[in-house]
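To start, the structure under review is shown below, and the notes come after it.
The values are calculated or read from the model by the stated rules, or taken from the named source; none is laboratory data. Only a predicted model underlies this, so the values are computations on that prediction, with no experimental measurement involved. Cβ coordinates were reconstructed from backbone atoms using ideal geometry, including for glycine residues, and neighbour counts include every protein chain displayed. SASA here: full protein model, heavy atoms, side chains in, ligands and nucleic acids out. Shrake-Rupley method; radii C 1.70, N 1.55, O 1.52, S 1.80 Å.
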Amino acid sequence: MATKAEKDTTPARYAVMGNPVAHSKSPAIHKQFAHQFGHNIEYTALWVDTDGFAEAVEQFRTEGGKGFNVTVPFKIEAFKLADNLSDRAKLAGAVNTIRFEPDGKIFGDNTDGTGLVHDLTKNLNVYLRSKKILVLGAGGAVRGVLGPLLKQNPALLVIANRTVAKAKELAQAFATFGKVESIGYGDLVGKRFDIVINGTSASLQGEMPPLPVNLFANNAVAYDMMYDDKPTPFLEWAMLHGAETAVDGLGMLVEQAAESYLLWRGARPDTRPVIQQLRKGS
């Protein structure tokens with residue numbers, strides 16, 4: 001049995017589970033968070049077999065894990081595995097943060113949408129109230145951010161997708177939270193928006209959705225939820241076609257991580273120095 005001194009020096013264990021996961025910046029982010037508070041934690045990236053998520057969760061808990069983040073492709077499976085869910089996780093239909101409770105229950109949360117809104121409003125000083133927002137894509141990543149975006153009371157939120165039926169399904173699911181419309185990419189001609197958020201995975205393939213050129217209103221913001229060391233194809237296109245500001249999702253990544261850290265440790269880190277350091281590539 002461990003002595004008190006041993007318990008005090010044993011780091012609290014956290015992780016990110018995904019497939020792939022080797023590229024994850026989360027361990028570096030959480031290391032910086034812990035340093036801010038002097039917390040003794042260990043945060044690792046765990047590659048999980050696509051059929052082995054539940055088993056990996058149980059093993060991590062048995063080994064003393066306190067909680068973990070979930071990335072592609074396990075967010076829906078994590079949602080189903082959780083015993084209890086936060087309101088924002090229920091709304092998102094997906095979980096990106098798990099906390100093991102003292103009673104053995106699994107608590108699931110989703111910090112993605114809050115992370116996006118924090119990055120836009122706090123770091124970039126982009127006000128969403130009464131603005132026209134266009135969100136590209138209708139997959140899990142988009143579903144996860146719609147609730148927090150609509151809580152900011154935009155004038156209109158339009159979901160555009162190749163398969164219009166998927167966009168329509170999402171628009172109906174979130175209709176009680178604000179004015180939401182669905183549309184195909186071809187029907188965007190002639191419409192202009194204050195904020196355009198790319199929630200598709202096209203950037204990962206070096207591609208972008210088929211968009212009309214006059215999409216951006218004056219002083220418009222283009223935001224790609226993906227991030228890379230160089231501007232994504234969507235952001236390059238946006239800067240050429242009238243966007244005043246073009247930003248990738250690195251800030252969102254750090255902000256959603258800070259929300260996870262708060263859930264686990266009861267303290268919310270200062271995200272700005274972490275974002276700055278990651279941008280410098282150190």
Candidates GLY184, GLY144, GLY206 - the one that is surrounded by 18 or more Cβ atoms within 10 Å (Cβ to Cβ) and of a type outside the set (Phe, Trp, Tyr): GLY144
Number of the condition not met by GLY190 [criteria: (1) closer than 22 Å to LYS280 by Cα; (2) not in a helix (DSSP H, G or I)]: (1)
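Looking at region 20-45 only, could you name the residues that are part of a loop (DSSP other than H, G, I, E, B) and either surrounded by fewer than 17 Cβ atoms within 10 Å (Cβ to Cβ) or at pLDDT 95 or above (or both)? Quick ask: steps written out before the conclusion?
Going through region 20-45, the residues part of a loop (DSSP other than H, G, I, E, B) turn out to be 20-25, 38-40.
Listed by number, the residues that qualify are PRO20, ALA22, HIS23, LYS25, GLY38, HIS39, ASN40.
Being in contact with a strand residue (DSSP E or B) (Cβ under 8 Å, 6 or more places away or on another chain) and charged (D, E, K, R) is the requirement here; does GLU58 meet it?
Against the criterion (in contact with a strand residue (DSSP E or B) (Cβ under 8 Å, 6 or more places away or on another chain) and charged (D, E, K, R)), GLU58 does not qualify.
Give, as residue ranges, the helices (runs of 4 or more DSSP H) completely inside region 212-282 that count at least 2 residues that are open to solvent by 40 Å² or more (accessible area, probe 1.4 Å) and aliphatic (A, V, I, L, M). Lay out the reasoning, then the answer.
Numbers: elements: 233-240, 250-265, 272-280.
Answer list for region 212-282: 233-240.
Considering LYS66, LYS80, LYS75, which residue is out of contact with any helix residue (DSSP H, G or I) (no Cβ under 7 Å at 6 or more places or on another chain) and either modelled with pLDDT of 95 or more or surrounded by 14 or more Cβ atoms within 10 Å (Cβ to Cβ) (or both)?
Values: LYS66 fails: out of contact with any helix residue (DSSP H, G or I) (no Cβ under 7 Å at 6 or more places or on another chain); LYS75 fails: out of contact with any helix residue (DSSP H, G or I) (no Cβ under 7 Å at 6 or more places or on another chain).
Result of the check over LYS66, LYS80, LYS75: LYS80.
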Is there a residue being under 15 Å from MET252 (Cβ atoms), touching a residue at least 60 places away in the same chain (Cβ under 8 Å) and open to solvent by 10 Å² or more (accessible area, probe 1.4 Å) anywhere in region 101-117? yes
Can you tell me which residue in region 187-203 is surrounded by the fewest Cβ atoms within 10 Å (Cβ to Cβ), limited to those that are modelled with pLDDT of 95 or more and among the hydrophobic types (A, V, I, L, M, F, W, C)? VAL189
Exactly one of these conditions fails for LEU262: (1) without any contact (Cβ under 8 Å) to a residue 24 or more places away in the chain; (2) more than 30 Å from ALA15 (Cβ to Cβ). Give me its number. (2)
